[in-house]
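Below is one structure, written out as structure tokens, with a few remarks after it.
The values are calculated or read from the model by the stated rules, or taken from the named source; none is laboratory data. Computed from a predicted structure; not experimentally measured. No Cβ is skipped: glycine too gets one built from the backbone with ideal geometry, and neighbour counts run over all protein chains shown.
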There are 2 protein chains.
Amino acid sequence: MKIIITGGAGFVGSLLARTLLAQGSLAIRGAVPQAITQIVLADRIAAPADLAQDARIASEVGDLLDQLATGASNLLARHSDAQLIFHMAAAVSGECEANFDLGMRSNYAATHALLESCRALGTRPTVFFASSIAVFGRTVHHSFPDEIVDTTLPTPQTSYGIQKLIGEQLMADYARKGFIYARSARLATVSVRGGKPNGAASGFFSGMIREPLKGIESVIPVSPETVHSLASPANTVRGIIACAQSSDEAWGPLTALNLPALPMTVCEMAEGLKRIAGEKTHALLSWQIDPAIERIVSGWPTRMLSPRAQAMGMKPNASFDEIVREHIAQYHPEIAI
Amino acid sequence: MKIIITGGAGFVGSLLARTLLAQGSLAIRGAVPQAITQIVLADRIAAPADLAQDARIASEVGDLLDQLATGASNLLARHSDAQLIFHMAAAVSGECEANFDLGMRSNYAATHALLESCRALGTRPTVFFASSIAVFGRTVHHSFPDEIVDTTLPTPQTSYGIQKLIGEQLMADYARKGFIYARSARLATVSVRGGKPNGAASGFFSGMIREPLKGIESVIPVSPETVHSLASPANTVRGIIACAQSSDEAWGPLTALNLPALPMTVCEMAEGLKRIAGEKTHALLSWQIDPAIERIVSGWPTRMLSPRAQAMGMKPNASFDEIVREHIAQYHPEIAI
């Protein structure tokens with residue numbers, strides 16, 4: 001079985017590829033498990049070295065919208081035997097606020113082009129679409145309940161959130177028309193992300209743990225009482241794979257579900273870091289409100305629940321300590337936990 | 001003041017133009033009323049004769065997406081002094097189910113191109129977007145309350161409904177970014193439409209009144225107990241103009257509101273026709289369930305409420321009799337009512 005991952009060289013995309021390679025097989029939509037023979041990583045950057053050296057990995061480097069232009073060079077036409085596509089590629093929230101055209105191109109036009117490319121195949125592939133908690137939004141006009149569920153009215157307050165909601169709707173219609181099988185899921189904020197900061201307004205939810213563990217100071221741009229829902233990278237990838245493996249019957253409606261996430265305050269995150277990594281590491285944190293970030297984050301939901309996903313057996317992380325320990329085990333084997 | 005109406009030669013678009021010409025001036029978004037000096041009707045067909053002979057009417061005949069191609073020939077660039085655009089042009093629900101590409105082009109690509117054209121102007125025009133009750137949908141997975149309000153979760157079950165919901169979201173983001181002022185409103189089913197049947201699945205809600213009054217038999221394709229919410233053409237146009245005239249403060253959120261509509265059963269409609277036009281006219285009605293139409297209509301909401309619009313003073317028709325009488329007064333002056 002061949003799988004395509006757009007954004008496959010990114011943080012979540014490459015972890016998804018590693019996890020799939022390690023598990024070796026996949027049961028698409030509840031069917032009999034098949035061995036994974038090839039994973040195509042489509043991204044603007046080359047595959048990470050560890051992935052590139054696996055014989056089952058192919059790397060397609062380029063701009064996704066260009067790769068999805070019509071004709072024989074179309075990415076999907078060249079991999080027309082792919083049964084499953086994880087559409088993870090996106091411009092992130094902060095980038096999309098700063099550069100409207102970038103977001104419309106990367107999140108809107110490219111998602112539409114991907115779906116058109118799938119339709120042109122005529123093979124009805126399964127498409128996982130990485131939507132986001134950012135489809136929910138709060139303004140003076142739209143308060144919402146403290147607890148957000150799958151069927152809460154999305155009122156996105158960022159271009160990124162609008163573009164993700166549009167992607168969910170396109171996915172549902174392309175599935176209803178029989179062009180694809182749709183698996184759309186709203187990722188919670190992924191923490192702790194490894195690597196370097198990206199342009200996401202939510203980046204500090206990772207940076208405030210990752211940077212101090214490297215001995216680097218980190219400034220938290222929102223108030224300690226800010227409540228937010230997080231999922232670890234491994235938990236997020238488990239949820240994504242569970243979506244792809246769920247049967248049509250278990251999945252239910254064609255619309256997006258919320259992936260499991262654990263709600264907590266930023267203060268609790270900082271306390272968790274102190275508890276696990278010590279006073280000295282915790283002392284590298286400082287607070288300085290950034291109005292632009294705080295404005296975006298204050299419009300996001302706080303407690304994101306996931307009744308549909310949990311009915312299928314998916315679970316949030318057990319604790320923030322588990323989230324921090326997962327990061328330390330991966331990136332800081334020198335730290336005893 | 002110059003106004004553009006896309007779909008301006010269509011049934012609702014041309015009635016909107018006639019109503020605006022008759023009223024002579026408009027107070028855009030609560031500002032001081034200005035005289036209407038020109039109304040540009042952009043449509044695939046020429047303006048109706050009565051409109052074409054008014055000196056204030058200009059007709060732009062062509063495919064809307066072609067008219068919105070970038071460059072100096074762009075419709076909006078040639079009318080860059082337009083302060084208000086009513087975006088009424090659309091492929092209708094039945095057409096979009098039968099021809100997916102037509103819907104994506106007419107409802108999705110053209111709406112996006114219109115908003116990009118507005119953005120390119122740099123003048124922040126006011127845009128009214130005609131969304132639809134079809135953004136709401138019912139499936140085995142999505143029941144909804146008997147009464148639909150502005151903030152009910154949209155779960156469209158047709159390509160047309162999906163494309164209208166996407167249009168609402170694009171409108172909200174282009175407004176949030178300051179490229180336009182947004183007025184998006186969901187039209188209820190318009191009845192009684194004059195003229196010929198169109199490709200809308202809801203067409204029989206007009207045909208079952210219009211055709212018998214012409215002495216022509218009409219087949220009703222759904223069960224008599226079907227509940228649906230209607231607005232007369234004049235009531236719909238009053239609502240559209242009220243949206244354009246509402247101040248930003250009165251309008252509130254950037255998202256779409258429901259226009260006022262009157263719920264009734266198809267049986268009550270047939271009885272109303274008998275009461276007003278007599279037994280002989282009523283006898284031209286017959287019932288024959290069309291499963292394709294019934295499937296689409298059964299997924300639509302029944303009782304559409306409009307708390308936001310009504311808080312601004314808009315009202316539904318007082319009765320179905322009022323709706324039928326409006327049609328007779330316009331199209332059948334020979335019938336005494």
For the condition at pLDDT 95 or above, over 21 Å from B:P154 (Cα atoms) and within 11 Å of chain B (Cβ to nearest Cβ), what is the one hit in A:A120, A:A109, A:A113? A:A109
Here is a check on your reading of the model: is A:V149 touching a residue at least 24 places away in the same chain (Cβ under 8 Å) and within 13 Å of chain B (Cβ to nearest Cβ)? yes
Just one of (1) within 13 Å of chain B (Cβ to nearest Cβ); (2) under 16 Å from the mean Cα position of the chain (by Cα) trips up A:P197, so point out which. (1)
Does A:T151 fit the bill of being over 18 Å from A:E294 (Cα atoms) and not in a strand (DSSP E or B)? yes
Residues (more than 7 Å from every other protein chain (Cβ to nearest Cβ) and either among the hydrophobic types (A, V, I, L, M, F, W, C) or free of Cβ contacts under 8 Å to residues at least 60 places away in the same chain (or both)) located in the stretch B:153-163: B:P154, B:P156
I need the full set of residues from the stretch A:164-185 which are more than 14 Å from chain B (Cβ to nearest Cβ) and not aliphatic (A, V, I, L, M), in order please. A:Y181, A:R183
Condition first: among the small types (G, A, S), in contact with a helix residue (DSSP H, G or I) (Cβ under 6 Å, 6 or more places away or on another chain) and touching a residue at least 60 places away in the same chain (Cβ under 8 Å). Now tell me which residues in the stretch A:16-38 satisfy that. A:A27
Within the group A:E116, A:E60, A:E95, which residue is free of Cβ contacts under 8 Å to residues at least 40 places away in the same chain and surrounded by 17 or more Cβ atoms within 10 Å (Cβ to Cβ)? A:E60
Just one listed residue, out of A:L273, A:L257, A:L262, is within 14 Å of chain B (Cβ to nearest Cβ) and either of a type in the set (A, V, I, L, M, F, W, C) or within 19 Å of the chain's Cα centre (by Cα) (or both), and it is A:L257
Within the stretch B:64-77, does at least one residue satisfy the condition of being under 29 Å from A:T151 (Cα atoms) and in contact (Cβ under 8 Å) with a residue 40 or more places away in the chain? no
Options A:A17, A:A47, A:A27, A:A9: the member that is out of contact with any Leu (no Cβ under 6 Å at 6 or more places or on another chain) and on the phi < 0 side of the Ramachandran plot: A:A27
Given the structure, is A:S206 more than 14 Å from every other protein chain (Cβ to nearest Cβ), free of Cβ contacts under 8 Å to residues at least 40 places away in the same chain, surrounded by 22 or more Cβ atoms within 10 Å (Cβ to Cβ) and under 16 Å from A:I323 (Cβ atoms)? yes
Have a look at B:I180, B:I162 and point out the one that is among the aliphatic types (A, V, I, L, M) and either more than 19 Å from the chain's Cα centre (by Cα) or surrounded by fewer than 24 Cβ atoms within 10 Å (Cβ to Cβ) (or both). B:I180
Check off (1) in contact with a Gly (Cβ under 9 Å, 6 or more places away or on another chain); (2) surrounded by 20 or more Cβ atoms within 10 Å (Cβ to Cβ); (3) within 17 Å of B:A242 (Cβ to Cβ) for B:L20 and give me the number that stays unchecked. (1)
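A quick yes/no check of all residues on (1) of a type in the set (A, V, I, L, M); (2) out of contact with any helix residue (DSSP H, G or I) (no Cβ under 6 Å at 6 or more places or on another chain); (3) not assigned by TED's automatic domain parsing to the domain that holds B:A22:
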{"residue": "B:R44", "(1), (2), (3)": "no, yes, no"}
{"residue": "B:A55", "(1), (2), (3)": "yes, yes, no"}
{"residue": "B:D66", "(1), (2), (3)": "no, yes, no"}
{"residue": "B:S73", "(1), (2), (3)": "no, yes, no"}
{"residue": "B:A77", "(1), (2), (3)": "yes, yes, no"}
{"residue": "B:G103", "(1), (2), (3)": "no, no, no"}
{"residue": "B:N107", "(1), (2), (3)": "no, no, no"}
{"residue": "B:S132", "(1), (2), (3)": "no, no, no"}
{"residue": "B:S143", "(1), (2), (3)": "no, yes, no"}
Yes or no: B:R124 at positive phi, assigned by TED's automatic domain parsing to the domain that holds B:A72 and either polar (S, T, N, Q) or not in a helix (DSSP H, G or I) (or both)? yes
Looking at A:A134, is it modelled with pLDDT under 95 and either away from every other protein chain (no Cβ under 14 Å) or part of a helix (DSSP H, G or I) (or both)? yes
Qualifying positions in the stretch A:154-166 - assigned to a helix (DSSP H, G or I) and hydroxyl-bearing (S, T, Y): A:S159, A:Y160
Filter the stretch A:239-275 for residues that are crowded, with 20+ Cβ neighbours inside 10 Å and of a type in the set (V, I, T); the one that is farthest from A:G313 (Cα to Cα) is A:V266
Yes or no: the stretch B:313-333 includes at least one residue that is surrounded by 19 or more Cβ atoms within 10 Å (Cβ to Cβ), at pLDDT below 95 and part of a loop (DSSP other than H, G, I, E, B). no
Condition check: surrounded by fewer than 19 Cβ atoms within 10 Å (Cβ to Cβ), more than 11 Å from chain A (Cβ to nearest Cβ) and not in a helix (DSSP H, G or I). Does B:T139 satisfy that? no
